[in-house]
1. Looking at the structure I just gave you, is P25 within 26 Å of I165 (Cα to Cα) and more than 16 Å from ligand 1 (Cβ to nearest atom)?
2. So is V254 over 15 Å from the mean Cα position of the chain (by Cα) and more than 18 Å from R141 (Cβ to Cβ) or not?
3. Return a yes/no flag: does the range 177-195 have any residue that is within 12 Å of ligand 2 (Cβ to nearest atom) and touching a residue at least 24 places away in the same chain (Cβ under 8 Å).
4. Given the residues L129, L140, L149, which is the only one that is out of contact with any strand residue (DSSP E or B) (no Cβ under 6 Å at 6 or more places or on another chain), surrounded by fewer than 21 Cβ atoms within 10 Å (Cβ to Cβ) and within 23 Å of D219 (Cβ to Cβ)?
5. Being within 16 Å of ligand 2 (Cβ to nearest atom) and in contact with an Asp or Glu (Cβ under 9 Å, 6 or more places away or on another chain) is the filter here; which residues of the range 61-70 pass it?
6. Among the residues of the range 258-280, is there at least one that is over 25 Å from A209 (Cβ atoms), more than 16 Å from the chain's Cα centre (by Cα) and free of Cβ contacts under 8 Å to residues at least 24 places away in the same chain?
7. Starting from the range 52-63, take each residue that is assigned to a loop (DSSP other than H, G, I, E, B) and list its partners that are hydroxyl-bearing (S, T, Y) and more than 10 Å from ligand 1 (Cβ to nearest atom), counting only C-beta distances under 9 angstrom and pairs at least six apart or across chains.
8. Would you check which residues across the range 14-49 are surrounded by fewer than 15 Cβ atoms within 10 Å (Cβ to Cβ) and either of a type in the set (A, V, I, L, M, F, W, C) or within 16 Å of ligand 2 (Cβ to nearest atom) (or both) and list them?
Amino acid sequence: IAAIDLARAIPKAELHVHVEGTLEPELIFQLAGRNGVTLPYDDVEALRKAYAFTDLQSFLDIYYAGASVLLKEQDFYDMAMAYLRCAHADRVVHAEIFFDPQTHTARGVPMQIVIEGLHRACVDAGQELGISAVLILCFLRHLSEDDALATLEAALPWRDRFIGIGLDSSEFGHPPEKFARVFARARELGLRLVAHAGEEGPPAYIRQALDVLQVERIDHGVRSIEEPALVARLASERMPLTVCPLSNLKLKGVQDLARHPLRKLLQAGVCVTINSDDPAYFDGYVTENYAQTIEALKLTPEEVVQIARNSFEASFVDEAQRQQWL
Ligand code: ES4
Ligand code: ZN
């Protein structure tokens, strides 16, 4: 249908993608072979079969296991470059890419290896493909705030290699307020602020991310739909939500896409965007997320254009670059 062709063709920004979640099974096995890492799966087929998730935690366990093959600077480069090629094929012209340094530094991989490999891919993709790509450093919320603070300090020699910080991993029991100090510190440093909230966690976590962490975007935020006053606030503040429909489907946040709140949020005036989250695990890059959402919710071409425009409005690019895409 027309709206899906439009979604494929229109320039888009991707604002919610975890680079470790772009690691395709084929690349996991290639890196495992090259690095002498033994995986608890016989082959690509067996690994893919394990991608049957019941909730966020069941996914995260496999996602962190997959990331264990990343050891060298070239591994981080190859992963990010492969993602940027897929994104470019999807007409993504700007990507703000999450990475989880603690997943790697905890295994003894130096911060420098992680950041320099990812950054080199962003630079090369800019030159080869013309895509604009920047990095956002995420803290794992199941770890302590002291660990997050130490991680931020360890990354400061590469302060100019990432534009902001985020908060991801297991949401239940790890409210945004647990990270108040590290977000305050990042704000002092002039970093942009985002956080996952209201993916599995309650609407109160979204309010905390806004009021305590002072984030500029909410990642997911779909459970805001349970509090009409919160939806009205998001709309009046034009607070963007980086929604990931296939992720919500695969992690059982919604039973089927036809029941996804995206359209209601959009109709309420919220700055909704569509993103892929962990495309190698949830069976679809950004265009596939658009296509399946359009089909399930019967989005109109006008709504598709609005969502793509929202992605640039919600991005952290400067005004001149934004005008060029809007
Ligand atoms: C994630 Cl889907 C999702 N939720 C929270 N944290 C994450 N890290 C990677 N994917
Ligand atoms: Zn995410």
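The values are calculated or read from the model by the stated rules, or taken from the named source; none is laboratory data. Only a predicted model underlies this, so the values are computations on that prediction, with no experimental measurement involved. Methodologically, a virtual Cβ is constructed for each residue, glycine included, from the backbone with ideal geometry; neighbour enumeration extends over all protein chains shown.
1. On the way: within 26 Å of I165 (Cα to Cα): no; more than 16 Å from ligand 1 (Cβ to nearest atom): yes.
Judged against the criteria, P25 is not a match.
2. yes
3. Applying the first criterion (within 12 Å of ligand 2 (Cβ to nearest atom)) to the range 177-195 yields 194-195.
Then drop every residue that is not touching a residue at least 24 places away in the same chain (Cβ under 8 Å), which leaves 194-195.
Yes.
4. None of the other options fit; the residue is L149.
5. Within the range 61-70, the first condition is being within 16 Å of ligand 2 (Cβ to nearest atom), and the residues that meet it are 61-64, 66-67.
Answer for the range 61-70, where residues must be within 16 Å of ligand 2 (Cβ to nearest atom) and in contact with an Asp or Glu (Cβ under 9 Å, 6 or more places away or on another chain): Y63, Y64, G66, A67.
6. Residues of the range 258-280 over 25 Å from A209 (Cβ atoms): 258, 280.
Applying the additional criterion that residues be more than 16 Å from the chain's Cα centre (by Cα) yields 258.
When the remaining residues are screened for being free of Cβ contacts under 8 Å to residues at least 24 places away in the same chain, the result is none.
No, the range 258-280 has no match at all.
7. Within 9 Å, the pairs are A52/S58.
8. V37, A46
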